[in-house]
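Colleague: Got a structure for you, written out below as structure tokens; questions coming shortly.
All of the numbers you see were taken from the coordinates with simple rules; none came from a lab. Note that this is a predicted model, so its numbers are computed, not measured. Cβ: placed from backbone, ideal geometry, glycine included. Neighbour counts: every protein chain shown.
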Amino acid sequence: MSSSVDEPLDLIRLSLEERIYVKCRGERELRGKLHAFDRHLNMILGEVEETVTTPEIDEETDEEIIRTSRRTVEMLFVRGDVVILVSPPLRTA
Amino acid sequence: MAGRLLPLELVDKCIGSRLWVIMKGDQELVGTLKSFDDYVNMVLEDVTEYEVTPEGKVAHKLDHILLNGNNIAILVPGRSPDDG
Amino acid sequence: MSDTSPAGTPAATPAQGTSAPAAAEAKPAQNKKVTEFLKTILGRPVVVKLNSGVDYRGVLACLDSFMNIAMEQTEEYVQGQLKAKYGDCFIRGNNVLYISAQKRR
């Protein structure tokens, strides 16, 4: 990680205008371009792909099926308190 | 107020001794209290972590942790869940 | 669980100090020890456990008074199974249960 990361939020700052991965509460994942954020981790993401994972029980076989649904959103606001993890794109040298 | 022990003073007296921490939810930890702050975030050493899983209670050993005070429910000085 | 309350230094809110002044007086040295612990584990491999039970193993890059964490070479374990890897990652402090480090031998 570059030496310009003194505090954790610097990592987010370095990801501005880059595509990031955001893991949210409720088995919700977002991938999108980070346009803005604040210290609460409220974020504006653009060209977002949202993935929601829900476990379902197959009533016949009693097996658990993991169902994922995807959708795309042009622009959205994420409230900081649902954020669990943020990962910037892999920067390969 | 004279002679009354404030809650955090009790925690202060536990420094250096074993402490049983019961979290909100299904987690419990036992460790030696090294230090804490006003939020009762704690540094614990030689920790055993107990987790309730579908297979029953599982114990893990940890050397050295900083425990977030946010989700602590109960502190029991000098005892552990194994004491019955 | 409150998402807005910081998990960090008492500088942010004096609420506890006013309700327990005697304990607060005894405190500065203790606070320093918590900070010292943090300094000693920077740059070292750590396990961060979240309240959800998910573990993150990686190298601790930095953290702040909210227990927000930046980690490198992070691996995500759900029920002991490796689920994902992240080069760099940021974990929001309110989700953190503990940060664990191996003792230096």
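Colleague: Tell me, what HN-Hα J-couplings in whole Hz come from the Karplus equation 6.51 cos²θ - 1.76 cosθ + 1.60 at θ = phi - 60° for each residue of segment A:50-58, using x for Gly and Pro?
Modeller: 9, 10, 10, 10, 10, x, 10, 9, 6
Colleague: Fewest to most neighbouring Cβ within 10 Å: what's the order for B:4, A:25?
Modeller: Least to most surrounded, the residues fall as B:4, A:25.
Colleague: Counting only other chains, what is the mean number of Cβ atoms within 10 angstrom of the Cβ of each residue in peptide C:81-93?
Modeller: Averaged over the peptide's residues, the number is 6.
Colleague: Let me ask another. If you look at just the Cα atoms of chain A, how large are its Rg and its Dmax in Å?
Modeller: 15.8, 55
Colleague: Once the other residues with Cβ under 14 Å from the Cβ of residue B:80 are scored (Lys, Arg +1; Asp, Glu -1), what is the net sum?
Modeller: Combined, the nearby Lys, Arg, Asp and Glu give -1.
Colleague: Another question, then. Let me know the mean shielding of C:46-52 by other chains, meaning the per-residue number of their Cβ atoms within 10 Å of its Cβ. Spell out each step's value before the answer.
Modeller: Working: counts 3, 3, 2, 8, 3, 8, 3.
Mean inter-chain Cβ contacts per residue within 10 Å come to 4.
Colleague: Right, next: Report the dimensions of segment C:42-105 along its three principal axes from the alpha-carbon atoms, largest first, rounded to Å.
Modeller: Per principal axis, max minus min of the Cα coordinates gives 29, 26, 21 Å.
Colleague: When the helices in chain A are scored as -39500 (n - 2.57) per DSSP H run of 4 or longer and the sum is shared across all residues, what 222 nm value do you end up with, to the nearest 500 deg cm²/dmol?
Modeller: -1500 deg cm²/dmol
Colleague: Take A:15, C:52 and order them by how many other Cβ atoms sit within 10 Å, fewest up front. Walk me through the numbers before you get to the answer.
Modeller: On the way: A:15 21, C:52 12.
The fewest-first ordering by Cβ neighbours comes to C:52, A:15.
Colleague: Okay, next question. Would you please report the Å³ per residue occupied by the convex hull of the alpha carbon atoms in segment B:14-77? Each step should come with its number before you reach the end.
Modeller: Numbers: hull volume 4.5 nm³, N = 64.
Dividing the Cα hull volume of segment B:14-77 by its residues yields 71 Å³.
Colleague: Would you mind giving the mean number of other chain beta-carbons within 10 Å of the Cβ of each residue in A:64-71, as a whole number?
Modeller: Working: counts 0, 0, 0, 0, 0, 0, 0, 0.
So the per-residue partner count for this stretch is 0.
Colleague: Now for a different question. Report the FRET efficiency, 1/(1 + (r/R0)^6), for residue A:76 and residue B:53, where r is their Cβ-Cβ distance and R0 is 45 Å, rounded to 0.05.
Modeller: 0.80
Colleague: With a cut-off of 19 Å, note down the residues of segment C:79-105 whose backbone N falls inside the zone around a label point 7 Å from the Cα of residue A:7 toward its beta carbon.
Modeller: C:89-96
Colleague: Where does chain B land at 222 nm, in deg cm²/dmol rounded to the nearest 500, when only DSSP H runs of n ≥ 4 count, each adding -39500 (n - 2.57), divided by all residues?
Modeller: That calculation yields -2000 deg cm²/dmol at 222 nm.
Colleague: Here is a further query. Checking the table B:13/B:57; B:24/B:61; C:33/C:103; B:24/C:85; B:57/C:33; A:23/C:39 against a 23 Å threshold on Cα-Cα, which pairs fail?
Modeller: B:13/B:57; B:24/C:85; B:57/C:33; A:23/C:39
Colleague: What list do you get for C:98, C:77, B:39 if you sort them by fewest beta carbons within 10 Å?
Modeller: If I rank by nearby Cβ atoms, fewest first, I get C:77, B:39, C:98.
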